[in-house]
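Peer 1: Pasting in a structure now, in structure tokens, and then I'll have a few things to ask.
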Amino acid sequence: MVLSGIKLEKMNSYDLSRAWFDFAFDNPDKVKPVHTAIYFFAIEHCNRLGWKKKFGFPTSMVMEANGIKSYSSYKKHFDEIVSFGFFIVLEYSRNQYSSNVIALTLNAKAHIKADVKALDKALSKHTLKQHQSTVSINKPLNNKPLNNITIEQLREFNFSAFDNISIIQTWLDWITYKKEQFKDEYKSSQSHQIAIDKLSKLSGNSSSNAKTIIENSIANLYRGLFELKQNQNNNGNQNNNNTAPVNAKLTLSERMAEVKRRASERRNQQSNSEGSNVEPFSDFENVN
């Protein structure tokens with residue numbers, strides 16, 4: 001289609017927006033946010049009209065849609081878009097209550113040539129910087145180490161077999177103990193999940209039993225987790241002081257000390273009930 005000797009090319013919003021930002025990037029001293037608001041409202045209006053080659057662009061509607069209060073300010077910016085070559089005016093409005101009749105064109109930059117490659121180069125450099133960044137926002141893969149893990153990261157593992165969500169805090173205490181006492185960590189997400197599943201089986205899916213198992217290992221300075229003897233379960237269930245949750249307001253070192261104290265009490269109870277038939281402590285008991 002040709003209007004006043006100007007050929008109008010087939011349009012779409014992508015080509016129009018790309019042409020605009022190529023021009024804006026090359027002419028930051030000329031293009032203001034209000035220019036962009038008016039121009040993109042014209043693209044939206046044209047799209048709703050089915051991409052008509054020429055269409056009415058009501059002044060009052062454009063001003064209201066873009067929060068422009070002053071008619072003189074709107075007219076100034078509208079005329080500048082025309083001078084940039086992005087609007088072709090077929091008929092000017094007589095006042096702010098009538099419509100300009102315009103056409104959008106890709107034959108923009110009538111007398112100011114923009115370097116269309118400039119924005120592409122800038123975006124390419126920006127993307128390269130992001131790609132080369134040493135900061136990763138990706139979740140760790142199965143073969144990656146899990147250092148300084150938090151309770152939020154632990155929620156990514158599967159604890160659904162347990163009967164209470166409190167197991168997550170208990171497990172955090174366990175892996176913290178392993179790291180502080182033995183400089184030992186689960187090397188990957190896979191090994192971590194395997195250990196959680198093992199605790200689930202040892203405890204019979206009971207968060208309370210799992211807590212007792214972990215407290216027992218900490219108190220005895222064990223590196224691993226071991227199934228409780230039947231009488232340990234019974235004694236633990238009969239003694240409310242030993243099974244009550246450790247105060248979450250305590251520091252980690254204070255919680256560890258409390259865990260060890262409770263486990264020691266349970267061992268004494270076991271010793272009283274079994275006499276000398278108490279399982280000997282691990283070789284790690286004398287570790288300072």
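Peer 1: As an exercise, identify the GluC sites (Glu not before Pro) in region 164-224 lying in DSSP coil whose Cβ has no more than 16 other Cβ atoms within 10 Å.
Peer 2: Glu185
Peer 1: I would also like to ask the following. Determine the alpha carbon to alpha carbon distance for each of Lys183/Lys229; Lys32/Lys76; Lys178/Lys198; Lys201/Lys229; Lys54/Lys76; Lys178/Lys229 and list only those over 18 Å.
Peer 2: Working: Lys183/Lys229 28 Å; Lys32/Lys76 12 Å; Lys178/Lys198 16 Å; Lys201/Lys229 14 Å; Lys54/Lys76 21 Å; Lys178/Lys229 23 Å.
In this structure, Lys183/Lys229; Lys54/Lys76; Lys178/Lys229 exceed 18 Å between Cα atoms.
Peer 1: Let me ask you something else. Let me know the shape class of region 144-223, please: from the alpha-carbon gyration tensor, a ≥ b ≥ c as square roots of the eigenvalues, rounded when a/c is under 1.5, otherwise prolate if a/b is greater than b/c, or oblate. Walk me through the intermediate numbers first.
Peer 2: On the way: a/c = 1.67, a/b = 1.12, b/c = 1.50.
Here region 144-223 falls in the oblate category.
Peer 1: Going by the alpha-carbon gyration tensor, a ≥ b ≥ c the square roots of its eigenvalues, is region 156-199 rounded (a/c under 1.5) or, if a/c is not under 1.5, prolate (a/b greater than b/c) versus oblate? Working shown, then result.
Peer 2: Details: a/c = 2.56, a/b = 1.43, b/c = 1.79.
Taking the square roots of the gyration eigenvalues as a ≥ b ≥ c, region 156-199 is oblate.
Peer 1: Here is a follow-up. Gain in length, Ser17 to Lys229, computed as 0.36 nm per residue apart minus the alpha-carbon separation, to one decimal in nm?
Peer 2: Fully extending the segment from Ser17 to Lys229 adds 69.2 nm.
Peer 1: Would you mind pulling out the separation of the Cα centroids of region 70-91 and region 209-227, in Å?
Peer 2: When both Cα centres are located, 76 Å separates them.
Peer 1: Project the alpha carbons of region 45-90 onto their principal axes and report the range along each, largest first, in whole Å.
Peer 2: Result for region 45-90: principal-axis Cα extents of 29, 23, 14 Å.
Peer 1: If you don't mind, there's one more thing I want to ask. Give me the one-decimal nm value for the distance between modelled label points at Phe41 and Lys179, 7 Å along each residue's Cα-to-Cβ direction.
Peer 2: Taking the two extended label points, one gets 5.4 nm.
Peer 1: Report the full-extension gain for the segment Asp197 to Arg155: residue separation times 0.36 nm, less the Cα-Cα distance, to one decimal in nm. All intermediate terms of the calculation are to be shown ahead of the outcome.
Peer 2: On the way: separation 42, 0.36 × 42 = 15.12 nm, distance 1.44 nm.
My answer for the length gained is 13.7 nm.
Every read-out reported here was derived from the displayed coordinates using simple, explicitly stated rules and does not represent laboratory data. Predicted model, so just to flag it, every value in this text is computed and none were measured. No Cβ is skipped: glycine too gets one built from the backbone with ideal geometry, and neighbour counts run over all protein chains shown.
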